[in-house]
1. Might you report the magnitude of the Cβ-based charge dipole of the range 280-329 about its Cα centre, with Lys and Arg at +1 and Asp and Glu at -1, to the nearest 20 debye?
2. For the range 27-218, restrict the atom set to alpha-carbon positions and state the Rg and Dmax in Å.
3. Kirkwood-based Rg over Rh for the range 264-416 (C-alpha set), two decimals?
4. With point charges of +1 on the Cβ of Lys and Arg and -1 on the Cβ of Asp and Glu, referenced to the Cα centre of the chain, which listed residue (LEU321, GLN311, GLY43) lies farthest in the positive direction of the dipole?
5. Would you kindly derive the ³J(HN,Hα) couplings of the range 400-405 from the backbone phi angles with the Karplus curve 6.51 cos²θ - 1.76 cosθ + 1.60 (θ = phi - 60°), listing them in order in whole Hz, with x for Gly and Pro?
6. Which residues in the range 177-194 have a backbone N closer than 20 Å to a point placed 7 Å from the Cα of HIS303 along the Cα-to-Cβ line?
7. What GluC sites (Glu not before Pro) does the range 384-428 have in DSSP loop regions with at most 12 other beta carbons within 10 Å?
8. When the dipole is taken about the Cα centre of the chain, and only Lys, Arg (+1) and Asp, Glu (-1) are charged at their Cβ, what size is it in debye, to the nearest 20?
Amino acid sequence: MQHRAPFSPKLSLAVTAGVILAATLANAVCREPPANHLRDSHGALDMQAQMVIVNKLLAKRDFTQPPLPIDPLTWNKVVVPAGNRMTPQRVELGSKLYFETRLSKDGSVSCATCHDVTRGFTDQRTTSEGIGGALGQRNAPTTMNAFLMDPQFLDGRAPSLEEQAKLVIINPIEMGMPNKQATIDAIQGDPEYQRMFKAAYGSRPNYEDLAKAIAAFERTLVFLNSPYDDFVAGDTNAISGKAHYGLLLFYGARCISCHQLDSENPLGTDNDFHNIGISARHQNFKALAQEALDKLDKGDGLHGTDKLAIQTRFSELGRFLVTNDPSDIGAFKTSQLRNIGLTGPYMHDGSMKTLWDVMDHYNKGGEPHPYLDAGMVPLGLSEDEIDALVAFMFTLTDKRFIDQNRQMMEQQRKLAAKERPFRNTDMP
């Protein structure tokens, strides 16, 4: 069963060794900061501290130019909208807004709360926490390389980064602003924002340009320089022998059916939507879908869909909430594999703590049900083969996070040694 995403262009890249600067950064980038008081009630690192780190991560980048290794034509014609060309002023404004807690109703949440630069640009939680401690129904995907993931969100309900930013701020349990004007009221009296909006867009603070600026900043979050890329470029010592074996298995064990990884698909995703049987054992999908349609028929458009996706049990319907197509029931976007060692827990509901859990799920073919994607079949992998595939996936982390990646792999290895809840014990 294939579900083609209307906004998923193929990308032409020339992946070469050393194309992205990957100098070793301060320990704060690679490790948990030692001072617990720097983390807020949501677990996110202090916003000012995050800004310091992201500026180091993105140092020496000319944001007016296409980032390596992205093809310039693709960048200018496909990735960057004509009405939001990249300028230093727009990126600067977007960076400030990305870390701005005043954009939330109670002043406690920013974009970086759920997309923390020290946590793989996610929150490393099962599902995300918004204002007032409210928990959503979805796991937060990373904002690293999100500019290649249109349409946005795990169900593709927002066509662009600009539209994605608009929804999160006024979702009642995420940033919780009552409306667009309340958002602007929170910052428009600030002379610094007045100056920055004027420099970036020639305007006073307004909601459209606010979303554009955040999107411009997120288009700078390019993290595509990994040991795997060095290996592909000819450095045979860039990855271990086990990881190399995992790479061979990756191409032979059906992984590439949905996780194409090559010069035209650098993220390791088809950017499509599939039901892979994550919550099948818990749901009567048919009844849930009919109930959801009744609610969607009441109107409220995209904002109504957004609320159902984040706040309610209808979240499990995935792409169906957007298309109302029965073939999309329970289908979610294929996640990117880049930096995947840093972005757990995994799946749309955060139900899998380690990459060993993920492989166990795929190895048994998911949970059978009528809406399961036809490509989900048992893989018959041995334990050694699963270990090799996991080793390979950890080579896809950008080298700017090499120490953190090593630590995360060891943490996951120890946890997997204690529990493998998704493993099929009937298999050898």
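Bear in mind that the values in this text are calculations on the coordinates, not laboratory data. What you see is a predicted model; the values in this text were computed from it and never measured. Here Cβ is always computed from backbone atoms with ideal geometry, including for glycine, and neighbour counts include all displayed protein chains.
1. 180
2. 16.0, 45
3. In the range 264-416, Rg relative to Rh is 1.02.
4. Sorting the options by dipole projection puts first GLY43.
5. Taking θ as phi minus 60°, the curve returns 5, 10, 4, 5, 4, 4 Hz for the range 400-405.
6. Within reach of a label on HIS303: 177-188.
7. Those satisfying the criteria are GLU419.
8. 580
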